Amino acid sequence: MADWESILAFLQPKDSPYCPETPSLTQKVFLRTYAMEGLFGGAAGGGKSSALLMSALQYVDVPNYSAIIFRRTYADLALPGAIMDRFTTWIANADDVSWNGSLYVATFPSGARISFGYLNNSQDYLRYKGAEFQFIGMDEVTEIREHDYRYLFSRLRRPATGPVSQVPLRMRCASNPAPNWVRQRFIVEAETTGRVFVPSLLTDNPGIDAESYRQSLQALDPVERKRLEEGDWWSTTLGTMFDRESVVLLENEELPTLTPKAKAVRFWDLAASEPSPAYPDPDWTVGTLMLFDQGIAYVLDVKKIRHRGEKVEQFIAQTAYEDGASVPIRMEQEPGSAGKALINQYARFVVPGFDIMGIRSTGDKVTRARPFAAAIANGNVRVVRGTWLTDWLDEFSAFPEACPHDDQVDSATGAFSFLTGLGLPQRKRAAILA
Ligand SMILES: Nc1ncnc2c1ncn2[C@@H]1O[C@H](COP(=O)(O)OP(=O)(O)O)[C@@H](O)[C@H]1O
Ligand SMILES: [Mg+2]
């Protein structure tokens, strides 16, 4: 029967005499992971970069083992204090390791190699054509292109026989959070794909004074701070057009009594793809129900769906019946005959009898969003609390620089432009607003 000591010994990750730092508990979890893909991600200072070096070193006793660690640019890789610098300090006192400072390769007594590389330009990955590694590390992987990541994945190989055939193939990443493909690949898809995500926290690292480090993070903007201090992958970056603090929120029963001049619209921004492995994050179809009265816009409801055409049609029809026939339906109409045909299809077969029309948009999204942004900044937009609100505010406050999608912004600005007669000749517009 196994005793505790042998069980504990079994749980210990394989270590290397070249590593001067004793792994923390989370670093051990990362080192003990045998899944092909793993991400150590989260707070800055959690020991992620060190964990990559530790992982690469685990098998340097195996003849012909080959590992490589990447950063996006040469400067990121080679500056004093950066990951390669740390590595050369680690091996500086080991007489049996030779370091080639022009090729960035360390060779160990067994013949194993650890090299370093960067992927700055879009052609850089081609330097690794034909190369074979059993370990590929990517530090600050959120800065690396997804294409380069996938290409290098194909360089993860080992021969069928010999000592290296016993070494696990490992793709290992480390990064502070960022809302891009890395989040999708490891946080969203990890569970269903067998990829491993090890969350990193500042407090995990015995080699850092967490309190003084935390102090130094206080100067960052709140979004960046949530990422670096708490390792929050969902904290969104702020865009420059909408400030969520300026949006006036109302409970449903706080809606004022409207004047007879109040106008309403359900404005749809259409999309027609559902998520697929090749296209995991397509646009949404979004419909905003907005009222306009006495110069104030009220956002009453936002509906969104991500599906193929037929399901989208059912969804829009259902929404039309819920809103009632007194609410006009407007849709962003794509240019050309296909756009016209689609509106016609809706008018005849999806919501027959409703007041539906297509509206062709002019100008770019940012220009179109300006009047609505100004109305929000002036305190003239009231938003009724609904389950969709958080998501809606996230998108607006990230627009336009930092949001992965702008369908909710498009839909709202479409509704606002329609209700305020923007884009119409002055005389017609005056009649609308009178
Ligand atoms: N297990 C450890 N023991 C001692 N010091 C560590 C350990 N892990 C990391 N460090 C040190 O803590 C500092 C921050 O670690 P680093 O790997 O750069 O964090 P991250 O990449 O998560 O920002 C570095 O100086 C590193 O050498
Ligand atoms: Mg790091």
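No value in this document is a laboratory result; all are computed from the given coordinates. Not measured: the values here are computed from a predicted model. Cβ placement follows ideal geometry from the backbone for every residue including glycine, while neighbour counts extend to all protein chains displayed.
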- [ ] With only Lys, Arg, Asp and Glu charged, each at its Cβ (+1 for the first two, -1 for the last two), find how big the charge dipole of the stretch 161-281 is about the Cα centre; round to the nearest 20 debye.
- [x] 480
- [ ] Quickly estimate the mean residue ellipticity at 222 nm for the chain, helices only: each DSSP H run with n ≥ 4 gives -39500 (n - 2.57), and the total goes over all residues, rounded to 500.
- [x] -9000 deg cm²/dmol
- [ ] Quick one: check the C-alpha center-to-center distance for the stretch 51-65 versus the stretch 180-231, whole angstrom.
- [x] 25
- [ ] Read phi for every residue in the stretch 3-18 and hand back ³J(HN,Hα) as whole Hz from Karplus 6.51 cos²θ - 1.76 cosθ + 1.60, θ = phi - 60°, with x for Gly and Pro.
- [x] 8, 3, 4, 6, 5, 4, 4, 5, 6, 5, x, 4, 10, 9, x, 8
Open item on the list: Compute the angle between helix 309-323 and the longest alpha-carbon principal axis of the chain, please, reported from 0 to 90 degrees and rounded to the nearest 10.
Closed with: 50
Task: Inter-centroid distance (Cα atoms) of the stretch 270-301 relative to the stretch 303-362, Å - done: 12
Open item on the list: Which of rounded, prolate or oblate describes the stretch 244-433 when judged by the alpha-carbon gyration tensor and an a/c cut-off of 1.5?
Closed with: rounded
TODO: Pop out the ³J(HN,Hα) list for the stretch 81-96 in order, Karplus 6.51 cos²θ - 1.76 cosθ + 1.60 with θ = phi - 60°, rounded to Hz; leave Gly and Pro as x.
DONE: x, 6, 4, 6, 4, 4, 4, 5, 5, 4, 9, 4, 8, 8, 5, 8
- [ ] Please compute P(r) over all alpha-carbon pairs of the chain, binned at 10 Å starting from zero, and give each bin as a whole-number percent.
- [x] 4, 18, 23, 18, 14, 12, 8, 3, 0, 0
Task: the stretch 208-287: C-alpha gyration tensor shape, a/c 1.5 cut-off, then a/b vs b/c - done: oblate
Task: Cβ crowding within 10 Å averaged over residues, with 292-301, 407-416 ranked highest first - done: 407-416, 292-301
